[in-house]
Amino acid sequence: MISNIAYSRKKKHASFQNFILLGVFLVIFLGVVGALFMQNVRIYQKRSELQQRENDLRLQIEQLQNQKAALQSAITENQTQDYQEKVLREQGLYKKPGEEVVTVLPPKDNGVSLQKETQQKIWWDPRTWFKGN
C-alpha cells in the first residue's frame, strides 16, 4: 500500500511538472509568435508608407518632366529670330529701315497727388481738422 501511495504521489508530481513545463513552453511559444506578429505588422506599415512615398515621387517626377518639356519648347521658341525681333521691337530697340519708333510716356503728375497726401487730416493736429477736403 505504501508503494501505491508513493507511486501515486510520484505520478501526481510528474503530471504537475509536465503541466508547468507545458505552461512555460506555451508562454515562450506565444511570446515568440506575438513578437513575430508585431514585427510583421510594423513591416507592413513601413511598406505602405514607402509605397505611398514612391507614388508621390513618381508623380513629382512626371510633373517635373512635363515642366522640363515645356521649358525646352519655350527655349527653342525664344531662340527663333522672329521672337527676338518681336521682343526688341516691343522694347523700342529695333526698327526696320523706313520705320519710326514711337514711345508713349505716362502722363505727368505735376505733384497734385503729393499735395493731397500731405493735406490729410491728422488726429493729433487740430489745424487739419477743419480744412476742406
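One table, with the values for the structure above:
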quantity	calculated
Candidates Gln51, Gln81 - the one that is over 30 Å from Trp129 (Cα atoms), modelled with pLDDT of 90 or more and not acidic (Asp, Glu)	Gln51
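Residue by residue, here is whether (1) surrounded by 10 or more Cβ atoms within 10 Å (Cβ to Cβ); (2) at pLDDT 95 or above; (3) more than 38 Å from the chain's Cα centre (by Cα) holds:
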residue	(1), (2), (3)
Arg9	yes, no, yes
Arg47	yes, yes, no
Leu57	yes, yes, no
Val87	yes, no, no
Leu93	no, no, yes
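The values are calculated or read from the model by the stated rules, or taken from the named source; none is laboratory data. Note that the structure is a prediction, hence the values are computed from the model and not measured. In this analysis, Cβ positions are derived from the backbone assuming ideal geometry, glycine residues included, and neighbour counts consider all displayed protein chains.
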